[in-house]
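Data first, discussion second: the structure below is written as structure tokens.
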């Protein structure tokens, strides 16, 4: 692929997936926070288990979240590539919706 950094050209398993997560850092960061803690758009699916998981449970959540985060990063990168204007509009819409929810929610 054109424009790849040296790490993604390495032949080690999993390096390309880690590079994708690194390139889409903001999406991965926001999505993992929403999955773990919820946010302006609703509560987390994991809320009932807060403060109840030990190390094994937390590791299990991490291992289950990784494919979800990878899929989201891949879909977002594909959306930006195939429809950059539409992706930008979606980003603006989600930002405005977030700011609205943040402002009107009774914290």
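So the values come out like this:
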item	result
Inter-site label distance for residue 80 and residue 49 at 7 Å from Cα along Cβ, in nm	3.0 nm
Ranked 86, 24, criterion: other C-beta atoms within 10 Å, fewest first	86, 24
Efficiency of FRET between residue 40 and residue 92 - r from beta-carbon atoms, R0 25 angstrom, step 0.05	0.95
FRET efficiency, residue 17 to residue 100 (Cβ-Cβ, R0 30 Å, nearest 0.05)	0.30
For the range 43-104, alpha-carbon Rg over 2.2 N^0.38 Å	1.53
Helical mean residue ellipticity (222 nm; -39500 (n - 2.57) per DSSP H run of 4+; nearest 500) of the chain	-23000 deg cm²/dmol
Sites residue 30 and residue 56 - FRET efficiency at Förster radius 30 Å, r taken between beta-carbons, to 0.05	0.70
Equivalent ellipsoid semi-axes, the chain, via Cα gyration tensor eigenvalues times 5, rooted, Å	27, 23, 8
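Every number here is computed from the coordinates shown, using simple stated rules; none is lab data. Treat the numbers as computed from the prediction; the structure is a model and nothing was measured. Please note: Cβ atoms are built from the backbone with ideal geometry, for glycine as well, and neighbour counts cover all protein chains shown.
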